[in-house]
Structures are given as structure tokens and as C-alpha cells.
Amino acid sequence: MTDEFTTPPPKRRRRVMPAGRALVVILVTLLVWAVLYAPELKRSAEAGDVGTRRTVSLAILDPLVWVTDHTGLTAAANAAARAAGRDPNAAVGGVDVGVDPLPSAGPDDHDQHHHKIVKDTDMREPSPDKQLRVAIVGDSLAQGVGFAADSVFKPFWAEVFKQGRISTGLARLDYFDWMAQMRTIVERADPDLILVMVGENDNQGLLNPDGSLEQDVGTFDWAAHYQERVERFAKIATSEGGHVVWIGLPNTSDKSRWDFIQRQDAIFQTVADELPNVAYFDSWNTFASADGGYSAFYRDGTKVREIRSPDGVHFNTDGYALLTEKAAQLATKDFNLDPKTYAP
Amino acid sequence: MLFPTVDFALFFCLVFLGHWVLNHNARAWKAFMIAASYIFYGWWNPRYIFLLAGVTAVAQLSAIVVSRQEDQRRRMWAMAIGIAATIGPLLFFKYYGFFAVNVTNAGTTLHTTLTPPLIQVALPVGVSFYTFMAISYVVDVYRREFPVASWVDTALYLSFFPHLVAGPIVRPGELIPQLDIQRDPRHLDIVGAGWLILGGLFKKVVIANYLAAAIVDPVFGEPARHGSLEIAVAIVAYAVQIYCDFSGYTDIAIGVAKMLGFQFPQNFDRPYSARSIQEFWRRWHMTLSRWLRDYLYIPLGGNRKGTVRTYENLMITMLLGGLWHGAAWHFVVWGGLHGAYLVVGHWKASLRARGVLATPPDTWWIHALQWVSAFVLVCVGWVFFRADSVGTALSMLGRLVTLQSGPSSLVTVPVLLAIAIGMAVQFVPRAPGAAIRSAVSQLHPVPMGIAAGFALFAITTLGPRGVAPFIYFQF
């Protein structure tokens, strides 16, 4: 390296500047953006996991939001967001990427099967002009099931409503309120079959929609409160006569998560056993290796298939298709779902 | 660490400060930049840094061994062994799962007990890119085009964070000499760099992410539920999405490097304005194209060994280029299609050279026809590239050409507008952009920062919520 600069000064008309002034430009850019975007950043920070990062982020963002609010910039920023087609007051969680729009009103036969159910019932026979309505709800795993359901269920017999939303769960109703959303789905789509796969993001405190803490994670009562949420959710899903296949969480490559997931699965199974028209699909044991451990592969007769995503949590396309087929088969076994709706 | 995140913005501010403070002290500066680059890479998964360090060590040892061989035959063997060792981790991470499943199933069919361990291997981000750079280094040393660099320079060449995860694939002669030139802190083209970064963010966040969510993912996810119109628009939308996604990333990478006083080679030059597939490959992912040309096509013999061998070499190069993107048949078909396009292009050129085929007249409508043909051929290739299997791609193309009816609710005005903007950037003259940059550069730093802050706010507000990874991170 030499002491002299070997790069000659540019001869362009565009003006260049020293690094110190460039740093000023960068800092002013970020500051202006942070002030204008502070309300959105704060909402994102509030939706984050409870912990140091969230605390520090909120400590930095609170004064910025104060500035934004008191200078009228929040209103201007919200107006800009509305102009861009985004609701600035919408829940920050549950982005609707990959989510099918719901009908604006319930179907004509909406109230036909509205009666109190005390034991499992058969599902109705679909016809081409009265297709079976299948909704897939839950987190990113449900999103994968949703895309697979589009292929597994035959368009001639079944209409699929993909409702999986990434990063959501039943723990943080402040981030995304699945209870309210499930009610909306039931009211507007009135699904006959609901595949639920949720819980992967629920290893955290239980927060209410208003942000208040219901129960901290790691406490003795967490499981009881979580079970109450699972039960409430399942009851909403079946409230208009729909049938639920609750897909339990599979094991993960990270063994440290197993205990918690198994407790969740036990809760899902207990609720499914207690409630009519709710069946539990045991994905843990279905996809575990012969020795009970994690396996990314599935032996289907003589063929081996790779079914899990390299992240050790999700499935790949093949795996989601297999999982969806098995969930549909369980619905046939427990609720007499007509196999022609999904069989190849 | 993804570029369009707050984490990266904070990281870059610190690196920018450290970079210019240490600029006069070469040793401290290099140590700082290597540390920063490894932190950037380890942000995804700290274990990845061992892989990067391992590839660096293997490449450097290979280069040293190659450089010490005077005998040409020994030199070539040393290079071959060095390349094999350098590319080994890439082959393992990228193709082992595919290999193990297929060998196991073949073994079952043949009633043998040939079952390699079924291990799922996660592909570390960026490994394809820095492995290719490492190979460039070993081969350039073999060819005596570049001397062996120091361990520190090699480590920084391969890990330098702006290019680390998705290119551009920078050759040693383009970057390593820049490491030893003291950058001039008095003449920083902040406006040029900022233009690239904000433009790249716009392409990625506003256009690519929107099109992916609004039409591409739903249609490619289940083509059987969509009619010909939605499929046609989704294919064009994917062409725009992948261009905006990848060139957006590259623009940000080049802009970030520029802010640190580095020049990176251009990676995209309005690829959809091409009027032939040959021209498309001179404009699309240019650093990969030239890598394939210089380190695969030419060593295979290029066009020096007769017509048939030229065609073979083109096909081999493009098939391997397809396979580089992933162990799946749809990538191989994509590469094969482009190989076939290039072979036909060469064949037509040779017929014209011999006077068998007339050269088309140089008129605007012939140009338009050529442009449409090239774009359609590229789009057909993209169907195989994006679909999750060859079957899905064929099903999409089948539904497209048989004019299937179906809903068209995904073909909306915003989708068409996003496609139009993505295509328009291929054709707008460069002069107005240069004039805007020149005008902005006259501003004082504070108003300049305010203007950039508003532009950044507009981009983040227009784009969908959340951070979508770049498409090329998976390769």
C-alpha cells in the first residue's frame, strides 16, 4: 500500500464528496427514514419476542415515535401508507402473502348444518356445483399444507381456502388474533373441513389481543392456559358444523425443542379427543425415524423420499403433499370424507 | 444478514466508519474488513464461517502448490487436485441429498444393499458464489494470469461482504489489486452509490416482492387452478421478478462496495432488451456468463475444435450452468434449453456467414420481431427455472398453449403496472438518470440525506411487509 492516492480524482460532472460528509448523508438518510417509519418500526418491535432486543428497540423507538406524533408526521406517514394500499392500523403479524381471499359473505347453505353436535358426524357429500370447502389455517407449516392442498384436493370437488400466515400462533394474539380470524373464516367461508397446523412459534408468553400478558412461558399454568386457547380455537372452527383435522407438530432436528413440542402435541390431542368433529393427526410419530429420532426422509414402501426442509422444522414440497394426503385420509377415516375429493 | 434490514443498516454504518478510519493502515484495515465480513456471514449461522475459512485455506494452499510447480504436467495436476478439493464442499452440500436418495432407491430396485447414509445437508448461503471465485483464483494462478496472493488478501478477496452471498462473481485480478490501493477518502461517489442502493431496493422491495406475492407464487404453486391469461401474465411477471430481485441485489452490492471505494464488475445490462439469446447472455448475470466461458467453455475447447465440438461445448456449459443452480431436473432442462437456443443461434450465424441464409434487413420491425422472439424464448426457459418440477412446467406450458379458460382475478392493474415498470427500466435512456444524479450531487449533505430518507420511506411503504429473501440466495 502506498502513501499516495493512486486513484485520480474523477473528472465527471457529478460531484463527489469526502467520506466524512458521506457519513453525514448516510446518517441523515437513516434518521429521516427512522422518524418517518417509526410507528411501523415500533409495531414490528412490539410484535417481536419478549426479550432484550425488543426492550432495546422499544427504548430507541419510543422517543422517535413521540417526535413523529408531535410533528404530525405520523398522520402524513399513515396517509402515505393508505395511498400505497396498506392499512397502517392492521395487525402487524399475519401478513396475507399466500392467503386466499375469503368470500364477502357466507354461502347459501351456511345455516343448514348449524346445530349442537355432541359426537363426530359425517361430512357432506360434495358435488361439482356444491364443492367441499376446505380451509387450511395456522402458521408457516399451514402455509405449506395450503399450497399442497391446492394440488391434493381436486378442483372439481373441493374449493381450497389457504389461510396459513407465517410467524403466527396461538400465543401472541396481539401479533395476530387467530380467534377473531377463525371466526371470520367460519362466517365467510363456512368450511366443511379445516386443516389446522399451528404452534411452531408458541414457545413464548401468552399475550392477549390488547398486548397484556395472560401467562408467562415457563410457568406452571402456561399449559392450562394454552390448552384453553386451543380448545377455544377448535370450538370456533367447528361452531358452524365444520370438521377439524388438527395436525400435530412434527419433531425438529433441534432436539432441545422436543420437550416443549411434545407438550403442545399432548394438548392438541387432548382437545381433539374431548371435542366432537375434531381429529388429531400425529405427525410426530408418522415422520419420525425408526428409532424415534428426527428424519428428513420418509420410506414409502420401497422408495425413499426427502420430505423435510433443510431448516429442520418445515417440510419440503414433497413432504407437505404427503402430510396433506395423510391428513385427508384421516378425515376419511374419522369423518367419512369422500376420497374422490383428494385421491389420485 | 440481509441487505434490506435494519440490522444491515446499523452494521454498515459501523463498517463504513471503521473502514475509513483505518484506511491509512493497511494491516489493521484488512483485519477489520475480514472480521466484519465474517460477522456478516456468520449472522446467518455462525458455523458457516468455518466453511468459508476452510474453502479459503484450501484455495490458498492449492494456489501455493500450483505456483511452485515448474513442470507443466505437475502444475496441471496440482490445479486439478486443488479445484477438486475446493469444489468438494459445494458438491457435498448441494448434491449429496439428491445423490443419496437416488442411489438408495436404485439400490432397492436392483435388490442391492447399496445405501449411502441418508443425511440432509443444508446449503450454506453463498457457497456457490465464493467457491467459483476460489476456483477462479486457483486457475488464474495456474495460467500465470495472477500471482499467488497473501493469505490475508485471499481471505479478504473471498469473504468481502458486498459480494459474499450472491455475487457478482469477482475475479482475483479485479478485486485483490484494489485491496492494496489506498482508497481516496476525499472523492466518494455517494450519489452514484446511493442511486444504485435505492434503485436496487426499489426493484427488490417494491417490484419483485409484490409480483411474487400477487401472482407468481399462486400461479406457479398450482397452475391447474389458473387459466391461460393468468399463466401468461405470471410467466412474464416471473421474468420481471427474477430480474428485479437479482439485479436489485447486485445493484445494492455494487453500491455498498462503491461507498467503500471499490469498483465491482457490472452484472446486468438491461437483459430483456436483447434481440437474441447470445445477446441475452452477454447482458444477464454477466459475471457468471464470463466465468462459465473462461473456466468451462474455453477449456473444453470453445469454438476452436470444429462445429460439432462447439455445439457440444455449448450444451455441456449450459447444462452444467443449469445444474449449478440446484440438483433438480428442471434446472437441467432450463440449462439445456438455453444450450439449444445458443446452438441454433450459432448454426444460423454460420449459415449466414456462408451465404446460405440471408441476413435480415436492419429495420425496426425486424428488430421488434427479434426482441419478441428472444423474450418469449427466455420466458419459456423461466417456466422450467421457477417451477418445482419438469412436470409442473410442462403442465403450465400445456395450459398456456391450449388456451384454458379460468379466473383472471390475479391479473390486476397494480400487477400490470409493476410488470410495465420492470420492463420499462430495460429501455429508458440512461441520460435522464445521469442528469438527476448530477443534480442531486450538487446538494449539501443534509438536504441530500433528507431526500434519500424520503425515498427510502417511500420504498419501504410501497413494498409488502416483511423481508423476503433474495431468490439467488438459494443457489
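Bear in mind that the values in this text are calculations on the coordinates, not laboratory data. Nothing here was measured: the structure is a model prediction, and the numbers come from that model. Positions of Cβ are backbone-derived with ideal geometry, glycine not excepted, and every protein chain shown enters the neighbour counts.
Structure data summary
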quantity	calculated
Helical mean residue ellipticity (222 nm; -39500 (n - 2.57) per DSSP H run of 4+; nearest 500) of chain A	-13500 deg cm²/dmol
Chain A, relative contact order in percent, only Cα pairs under 8 angstrom and at least six apart counted	16
Sequence of B:Met259, B:Met423, B:Met79 once ranked by neighbouring C-beta atoms within 10 Å, starting from the fewest	B:Met423, B:Met79, B:Met259
Over chain B, relative contact order from alpha-carbon pairs under 8 Å, at least 6 apart, %	18
Prolate/oblate/rounded call for the protein assembly as shown, Cα gyration tensor, a/c under 1.5 rounded	prolate
Packing-based order for B:209-215, A:212-218, using average beta carbon neighbours within 10 Å, highest first	B:209-215, A:212-218
Distance (nanometres) between label positions extended 7 Å along Cα→Cβ at A:Asn208 and B:Arg144	8.1
Unsatisfied cross-links (Cα-Cα over 28 Å) in the set A:Lys326/B:Lys94; A:Lys154/A:Lys333; A:Lys162/A:Lys303	A:Lys326/B:Lys94; A:Lys162/A:Lys303
Value of relative contact order over the stretch B:145-299, rounded to a whole percent, pairs C-alpha under 8 Å and six or more apart	29
Inter-centroid distance (Cα atoms) of the stretch A:210-251 relative to the stretch A:264-332, Å	19
Cβ-derived FRET efficiency at R0 56 Å, B:Leu394 paired with A:Leu58, nearest 0.05	0.60
Karplus (6.51, -1.76, 1.60) ³J(HN,Hα), θ = phi - 60°, over the stretch B:372-381, in Hz, Gly and Pro reported as x	4, 4, 5, 5, 5, 4, 5, 5, 4, x
Nitroxide proxy distance, nm - points 7 Å out along Cα→Cβ at B:Gln266 and B:Phe50	4.3
Proximal aspartates and glutamates to B:Lys348, defined as alpha-carbon separation beneath 19 angstrom and excluding residues fewer than eight positions away on the same chain	B:Glu279, B:Glu312, B:Asp362
Whether chain B is rounded, prolate or oblate, judged on the alpha carbon gyration tensor where a/c under 1.5 counts as rounded	rounded
Förster radius 60 Å - calculated FRET efficiency between A:Ser239 and B:Lys348 (Cβ-Cβ, nearest 0.05)	0.35
GNM result for chain A, Cα springs below 10 Å: residue of A:Ala331, A:Ala290, A:Ala45 fluctuating most strongly	A:Ala290
Relative exposure of A:Lys326, A:Lys340, B:Lys258, judged by other C-beta atoms within 10 Å (fewest first)	A:Lys340, A:Lys326, B:Lys258
Fewest-first sequence of B:Glu279, A:Glu125 by Cβ atoms within 10 Å of each Cβ	A:Glu125, B:Glu279
Per-residue average of Cβ from other chains inside 10 Å of A:32-43	4
Computed E for B:Ala368/A:Phe220 - FRET, C-beta separation, R0 56 angstrom, nearest 0.05	0.15
Nonlocal amide H pairs with A:Ala279, under 5 Å, H built at 1.01 Å	A:Val244, A:Val245, A:Trp246
The stretch B:193-319 shape via C-alpha gyration tensor axes, a/c threshold 1.5	oblate
DSSP bridge orientation in the stretch A:124-276 - percent antiparallel, rounded to nearest 5	15
Packing rank of B:182-194, B:158-170, B:409-421, where each peptide gets the mean count of other beta carbons within 10 Å, highest leading	B:158-170, B:182-194, B:409-421
Cα-projected label distance for A:Gln329 with B:Arg290, points at 7 Å along beta-carbon direction, nm	5.5
Stretch gain in nm, segment B:Ala9-B:Ala420, where the contour uses 0.36 nm per residue and the Cα spacing is subtracted	145.0 nm
